[in-house]
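J.: Could you have a look at this structure, given as structure tokens, before my questions?
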Amino acid sequence: MDTTEAITGQCLCKAVSVRAKVETRALRACHCDMCRKHTSGMFISVATVPGSVEVSGPAKSFRSSDWAERGFCEICGSTLWYGTVADGVRHPAAGLFKNAANGAMKIEFFADECPNGYALAGEHQKLTTNETIALFAPEDGDTQ
Ligand SMILES: [Zn+2]
């Protein structure tokens, strides 16, 4: 049984549309320094079915490291996705979708890099830098 649902979002200027399939309504936040530079805060993504993300419009990507890229709109500069190069998986930005695709915060990555001046409310999992790295990059040693 297919329990997935399609969601569609747009960037600020509406030139880029992002469509994806979701199975659960979950949000993930990353506080790493690259995500903070790219978004001015944390990068919050919607958990999607891997490989289901379709992007149309003038999207560009910036190769931020050996293993990752960051998508943005060429016209308005909106943050579009965080992607891993090796498998081509893209994690779309929650801000593209109305009400963050009705997602609930489930996990924070690099929680110990969150600046002292703010924090996410609510009960959810918070992984430290070491825990985040251990979860994602057993070979390369980093995930940003
Ligand atoms: Zn745009």
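J.: Can you give the net charge of the other residues whose Cβ lies under 12 Å from the Cβ of GLU54, counting K and R as +1 and D and E as -1?
T.: Taking every Cβ under 12 Å from that of GLU54, the sum is +3.
J.: For the pair SER17/ASP33, report the inter-label distance in nm, with labels modelled 7 Å from Cα in the Cβ direction.
T.: Rounded to a tenth, the inter-label distance reads 4.0 nm.
J.: Let me ask another. Calculate for the chain the 222 nm mean residue ellipticity that helices alone would give, adding -39,500 (n - 2.57) per DSSP H run of length 4 or more and normalising by residue count, nearest 500 deg cm²/dmol.
T.: Helix-only estimate at 222 nm: -2500 deg cm²/dmol.
J.: Please list, by residue number, every one of the chymotrypsin sites (Phe, Trp or Tyr not before Pro) in region 42-144 that is coil in DSSP and has at most 10 other beta-carbon atoms within 10 Å.
T.: Working: sites: PHE43, PHE62, TRP67, PHE72, TRP81, TYR82, PHE97, PHE109, PHE110, TYR118, PHE136; in loops: TRP67, PHE97, PHE110, TYR118.
Sites meeting the loop and neighbour criteria: TYR118.
J.: Now, a different point. Enumerate the aspartates and glutamates that LYS14 could reach by cross-link, defined here as Cα to Cα under 18 Å, with residues fewer than 8 away along the same chain left out.
T.: GLU54, GLU74
J.: Using the Cα gyration tensor of the chain, with a ≥ b ≥ c the square roots of its eigenvalues, what is the shape: rounded (a/c below 1.5), prolate (a/b larger than b/c) or oblate (neither)?
T.: rounded
J.: Quote to one decimal, in nm, the extra length available between ALA6 and VAL85 on full extension: 0.36 nm per residue of separation minus the C-alpha distance between them. Don't skip to the end; give the middle numbers.
T.: Working: separation 79, 0.36 × 79 = 28.44 nm, distance 2.36 nm.
So the extension gain works out to 26.1 nm.
Each value in this text was obtained by applying a stated rule to the coordinates, not by laboratory testing. Treat the numbers as computed from the prediction; the structure is a model and nothing was measured. Note: ideal-geometry Cβ built from the backbone for every residue, glycine included; neighbour counts use all protein chains shown.
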